[in-house]
1. From Gly37, Gly56, grab the single residue that is modelled with pLDDT of 70 or more and outside any helix (DSSP H, G or I).
2. What number goes with the only condition from (1) assigned to a loop (DSSP other than H, G, I, E, B); (2) at pLDDT below 90 that Lys96 does not pass?
3. Among the residues of region 34-52, write down those that are free of Cβ contacts under 8 Å to residues at least 12 places away in the same chain and under 21 Å from Lys13 (Cβ atoms).
4. Determine which member of the set Arg81, Arg70, Arg74 is surrounded by fewer than 10 Cβ atoms within 10 Å (Cβ to Cβ) and either at pLDDT 90 or above or not aromatic (Phe, Trp, Tyr) (or both).
5. Quick one: Lys48 ticks every box in (1) charged (D, E, K, R); (2) at pLDDT below 90; (3) touching a Ser or Thr at 6+ places or on another chain (Cβ under 7 Å) bar one, so which box is it?
6. Restricting the search to region 53-63, which residues are within 18 Å of the chain's Cα centre (by Cα) and not polar (S, T, N, Q)?
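The values are calculated or read from the model by the stated rules, or taken from the named source; none is laboratory data. The model shown is predicted, which means the values in this text are computed figures rather than measured ones. Cβ sites come from the backbone with ideal geometry, for glycine too, and all protein chains shown count toward neighbours.
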Amino acid sequence: MPDCPECTAKKKKAELASQADSGESEAPPLTNLTFEGEFPMKFDPATKHFICKKCGLYATREQVSDIRDRLNRRESTREDRQYDYLDWWQKSKKDKQQR
């Protein structure tokens, strides 16, 4: 059974916020931020949807995967854009014209 991505994301966000409020400057270990099995979703075989008992999320397997991907997506930072520009600048002129 998959875990509810929304409940897991809320729990991780709350955990990171509480650690930031307590003044911990170190990055939290990943083992403290895994909540696997904590928010199981029930499968409804008649409609082939997963249902979260805690938040009420009602979604298919694909929708659960899409939600998980959207929540885990990292925002583009300034360094990422600078790296992309540097990569583009260092390519040959032929490679640039092909794109």
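1. On the way: Gly37 fails: modelled with pLDDT of 70 or more.
So the residue among Gly37, Gly56 that is modelled with pLDDT of 70 or more and outside any helix (DSSP H, G or I) is Gly56.
2. Single failed check for Lys96: (1).
3. Initially, region 34-52 is screened for residues free of Cβ contacts under 8 Å to residues at least 12 places away in the same chain, giving 34, 44-47, 49, 51.
Hit for region 34-52 is Thr34, nothing else.
4. Numbers: Arg81 fails: surrounded by fewer than 10 Cβ atoms within 10 Å (Cβ to Cβ); Arg70 fails: surrounded by fewer than 10 Cβ atoms within 10 Å (Cβ to Cβ).
After ruling out the rest, the residue left standing is Arg74.
5. The single condition Lys48 does not satisfy is (2).
6. Those that are within 18 Å of the chain's Cα centre (by Cα) and not polar (S, T, N, Q): Cys55, Leu57, Ala59, Arg61, Glu62.
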